[in-house]
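Structure, as structure tokens:
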Amino acid sequence: MFEEIIGNEPIKKELERTVLENKISHSYMFVGIEGIGKQIMAKAFAQVVLCTNEQEKGCHQCKSCIEFMSHNHPDFLYIEPDGNSIKIDQIRYLQRKIQEKPIISNHKVYIINDADKMTTEAQNCLLKTLEEPPEYSTIILIGSNENAFLNTIKSRCMKIAFQPIEAKYIKQYMEETYGMTNISQNMLEAFQGSIGKAIILKDKKEQYENIENMIEKLDKTDITELIKLGEPLYQAKDEIMNILEYMNIILLKLAKENIQYANCIDIIENTKKRLNQNANYDMCIDNMILNMWEEVN
């Protein structure tokens, strides 16, 4: 049913089993880091649940599947944040729609993406539906921050914990889909098991290679040349936290051979704190590069 989805094989098998045995829960919570397939799995599961073909669930041929694939299924509702949060009015709309009987399928499925961004009022409102859901309904909450959910919400949902995708599958996907070859081990680790993150970083491969080159030359060049090599850092204000994490990955490996590189990790962590406190950006980068160079020379 879910063969086109990469990774999380145990979850695919479990969801397939629940469909085949007709043991579909009224409420699920799909949790895990961003970009590991929670949303695509939720949509695929919704299509399978709504499919009216009893011999081949998720057949892509019945009226239900055709309507679902055309984003026009009357028994399916997808909710996402309105601005920075999911508001109580959006949940009230869900509650009105969920009381209507299914039109095409025997079920109705509601996906709330970024459900961890529901306001407290919205969560309390949703709780009423989770406590007494219509027998034909399934609600899927998707979130990356499980702690943002009220305990009363979590206790009424079947938790499905998604795991990071293995590096070899991400590498294969990026090569086949985007022609991204010669991906370094450091960059694979920077993806953190997230295909979503890999897609975001795919166009920045050269930039990350330049950062790696700068770190490798920390103890091999003077400070003037090092600042020139660090030029990409000054131009990467919008994504500096991702780059600093990448630098930590490289430094952690170097620290196994030279403890001074471990101290460089402390310097980067201090830089993160200063940036989060809105310190002057260029000055923070200047100090970080200088302090790292002094540490290993």
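The numbers here are math on the coordinates, done by the rules we state, and not lab data. Since we're looking at a predicted model, the values are computed, not measured. Here Cβ is always computed from backbone atoms with ideal geometry, including for glycine, and neighbour counts include all displayed protein chains.
A few remarks follow.
- Charge tally in the Cβ shell below 10 Å around GLY32, where Lys, Arg are +1 and Asp, Glu are -1, GLY32 excluded: -1
- Each Cα pair under 8 Å and six or more residues apart adds its separation to the average, and for the range 9-161 the resulting relative contact order is 33 percent.
- Taking LYS57, LYS12, LYS256 in turn, the Gaussian network model of the chain (Cα-Cα springs below 10 Å) assigns the largest fluctuation to LYS256.
- Taking Lys and Arg as +1 and Asp and Glu as -1, the other residues whose beta-carbon sits under 11 Å from that of SER144 total -2.
- The ranking of MET180, MET241 by Cβ neighbour count inside 10 Å, starting from the fewest, reads MET241, MET180.
- Gap separating the Cα centres of the range 256-297 and the range 212-244, nearest whole Å: 11
- Its Cα centre serving as origin, the chain has a Cβ charge dipole (Lys and Arg +1, Asp and Glu -1) of approximately 1060 debye.
- Each Cα pair under 8 Å and six or more residues apart adds its separation to the average, and for the range 93-226 the resulting relative contact order is 19 percent.
- Charge tally in the Cβ shell below 14 Å around ILE88, where Lys, Arg are +1 and Asp, Glu are -1, ILE88 excluded: +2
- Amide H contacts of TYR28 (H built 1.01 Å from N, in plane; Pro and chain starts excluded): ILE139, ILE140, LEU141, MET158 sit under 5 Å, all sequence-distant by 5 or more or on other chains.
- Candidates GLN61, GLN277, GLN172: whichever shows maximal mean-square fluctuation once the chain is modelled as a Gaussian network with Cα springs under 10 Å: GLN277
- Cα-based Rg of the chain normalised by 2.2 N^0.38 Å, two decimals: 1.23
- Exposure proxy ranking for MET292, MET174, based on other Cβ atoms within 10 angstrom of each Cβ and starting from the fewest, stands as MET174, MET292.
- Furthest towards positive pole of dipole, SER85, ASN53, MET214, structure part the chain, Cβ charges: ASN53
- Degrees between helix 9-20 axis and first principal axis of the chain (Cα, 0 to 90, nearest 10): 10
- Violating pairs (Cα-Cα greater than 23 angstrom) within the set LYS168/LYS197; LYS108/LYS197; LYS171/LYS204; LYS159/LYS253; LYS168/LYS205: LYS108/LYS197; LYS159/LYS253
- In a simple Cβ point-charge model (Lys, Arg +1; Asp, Glu -1; nothing else charged), the range 167-296 has a dipole of about 420 debye relative to its Cα centre.
- Selected from LEU94, MET288, ALA148, residue furthest toward positive end of dipole (the chain; charges at beta carbon): LEU94
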